[in-house]
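Here is the structure we will look at, set down as structure tokens.
The values are calculated or read from the model by the stated rules, or taken from the named source; none is laboratory data. Remember, predicted model here, so these are calculated numbers, not experimental data. Neighbour counts are summed over all protein chains in view; Cβ atoms, including those assigned to glycine, are modelled from backbone coordinates with ideal geometry. The protein model used for the area step is the full one, side chains on, heavy atoms only, and it has no ligands, DNA or RNA in it. Shrake-Rupley method; radii C 1.70, N 1.55, O 1.52, S 1.80 Å.
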Amino acid sequence: MRRAFTVTAMATGVAVVAAGGTVAVLRLRGPLPAPRVSVTAQHDLVLAPGDPPAVPVPSAGSFLLQSDAGLDLGAADPDTPRPIGSVAKVMTALVVLAAHPLDAGADGPSLTLSAQDVKFFEQDAAAGGSAIAVQAGETLTERQLLLALLLPSANNIADTLAVWVSGSVAAFSARATGEAMALGMTQSHFDDASGVSDATVASVRDLIRLARAALAVPALAGVVQTQSATLPDGTVLRNLNILLSGGSDWLGLKTGWTGAAGGCLLFAARHSYAPGAPPVTFYGAALSQPPDAAVDADHPELGGAFAAARDAMTAAFAGYTAVDLATATPEVAGSVSEPWGARSDVAVRAVRGTVVARLGQAFDLSVVRRPAAPAPRAGTEVATVRGSPPGGAALDWAVVTTDPVGAPDWWWHLLNG
């Protein structure tokens, strides 16, 4: 009996030792816990310190200038609907191109003009409005019609295009009003295709929505930036927008004037601040501006609107600057630690590249933690600091470990595995 007991006890001891060894091996080979990551960042970051110059606004009428991020840079009575004159022709062109899409620079389909189109010319010419002479049987392409509509602002061509698209000016006007509502132009109504009617109205805020939509159509963007063109019969079409001759920053869009509307201008400009950095686009509208022959002697009724746009853009351009991101890094604090005592501080990895920032504009900073493997090496990304400017594109900076977070020794494994 004693011998059997001894053998059994020895076997049990061997089993215990073996089991203990197995547990030890399992603990030594067991998975390690993820590190604890603690990162805080400053509340905000100003990439370009300073104050932007104030954007001047006219003392009369309505005016609004916006950045491409949707910031109002200068405003005067921006939400009151007013008559818009021939600025309405931008909507006319947008509706035409929705019905008959056109590639940039392409001629598109041809339209043979009728006796009705000649009558449109005769009526507009008799009323003293802007018009170009046409003949029955004359053929013009869609692009040529758009050039005649938008450069010399021919009222008769607006009616010709309206009938081509919708069968009548009234039906076309209803369609244009519907398109305005679809664009969010809630303070707008289109009573005609040319803007001659005082009942064709919009707010300058609505018109900036129109400008954004128009410039998003390459064929239309190309036409409104054209300074001159020639029709097949030799008629020279000259753009009434004199700002286009002031440099490549100006993108067009459209002038307008009636006795009720005063001087009107829908405009846009795009300025580049550094090679490789995205340019900034600005959108503006001015309504009911006074004449100024010193600015435009040929069309003094538009001079006040041109002056308002020119002065506002000079200030707006100066309110932005290029920033080398290598010199603009948010401040962070924190650590990455493991339960066995290993730890590392964290730092922001510099970003290469150049961005354009508005002077004094703060980027709101937030921290997004990233999953990290146990015992990360130096330079491991453990979080992201995201900077979000109002209405603009976000910037991301990687937060990384400054030192390796070493693995535990076998004793820690054995006791804590």
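Quick notes on this structure:
- FRET efficiency for A297 and T40, using Cβ-Cβ distance with R0 set to 51 Å, rounded to 0.05: 0.25
- Whole-Hz couplings from phi, Karplus 6.51/-1.76/1.60, listed for segment 117-122; x for Gly and Pro: 5, 5, 5, 4, 4, 4
- Leading residue at positive end of dipole, the chain (Cβ point charges), from A158, G61, V95: V95
- Student exercise, segment 41-100 dipole from Lys, Arg, Asp, Glu Cβ charges, in Debye to nearest 20: 380 debye
- Placing unit charges on the Cβ atoms only, positive for Lys and Arg and negative for Asp and Glu, gives the chain a dipole magnitude near 2780 debye about its Cα centre.
- Evaluating 6.51 cos²θ - 1.76 cosθ + 1.60 at θ = phi - 60° for every residue in segment 33-50, the Karplus couplings come out as x, 5, x, 8, 10, 10, 9, 10, 10, 4, 5, 8, 9, 9, 6, 10, x, x Hz, glycine and proline recorded as x.
- Helix 169-182 vs. the chain, principal-axis angle (Cα, 0 to 90°, nearest 10): 20 degrees
- For segment 309-417: span of alpha carbons on each principal axis (Å, largest first): 76, 21, 17
- Rg and Dmax [Cα atoms of segment 164-292; Å; Rg one decimal, Dmax integer]: 16.0, 49
- Compactness of the chain - radius of gyration and Dmax, Cα, Å: 34.0, 133
- With Cα atoms, 0 to 90° folded angle of helix 155-166 axis to the chain main axis: 60 degrees
- In sequence order, segment 221-231 has phi-based couplings of 4, x, 5, 5, 9, 6, 7, 7, 8, 10, 7 Hz under the Karplus curve 6.51 cos²θ - 1.76 cosθ + 1.60, θ = phi - 60°, and Gly or Pro positions carry x.
- Cut-off under 5 Å, modelled amide H: who pairs with S114 long-range: G137
- Segment Q123..A407, full-extension length gain: 93.4 nm, with 0.36 nm per residue of separation and the alpha-carbon distance subtracted.
- Surface listing: W397, W340 arranged by accessible area from highest to lowest gives W340, W397, probe 1.4 Å.
- Neighbours of A133, meaning other residues whose beta-carbon lies under 14 angstrom from its beta-carbon, give a summed charge of -4 when Lys and Arg score +1 and Asp and Glu score -1.
- Helical content of the chain, expressed as a calculated mean residue ellipticity at 222 nm, amounts to -10000 deg cm²/dmol (DSSP H runs of 4 or more residues, -39,500 (n - 2.57) each, divided by residue number, nearest 500).
- Accessible surface of segment 157-242, 1.4 Å probe, proportion on carbon and sulfur as whole %: 53 percent
- For the chain, with +1 on Lys and Arg beta carbons and -1 on Asp and Glu, the positive-most of I132, P300, P109 along the dipole: P109
- Electrostatic tally near A148: other residues with Cβ closer than 15 Å to its Cβ, Lys and Arg +1, Asp and Glu -1, net -3.
- Folded to 0 to 90 degrees: helix 2-29 orientation relative to the chain principal axis, Cα: 30 degrees
- Ordering A171, Q144, G387 by the projection of their Cα atoms onto the charge dipole of the chain, which places +1 on the Cβ of Lys and Arg and -1 on the Cβ of Asp and Glu, puts G387 at the extreme positive end.
- Per residue value of the accessible surface for segment 216-301 (all protein chains in place, 1.4 Å probe), Å²: 42 Å²
- Taken about its Cα centre, segment 63-131 carries a charge dipole of about 200 debye when Lys and Arg each add +1 at the Cβ and Asp and Glu each add -1 at the Cβ.
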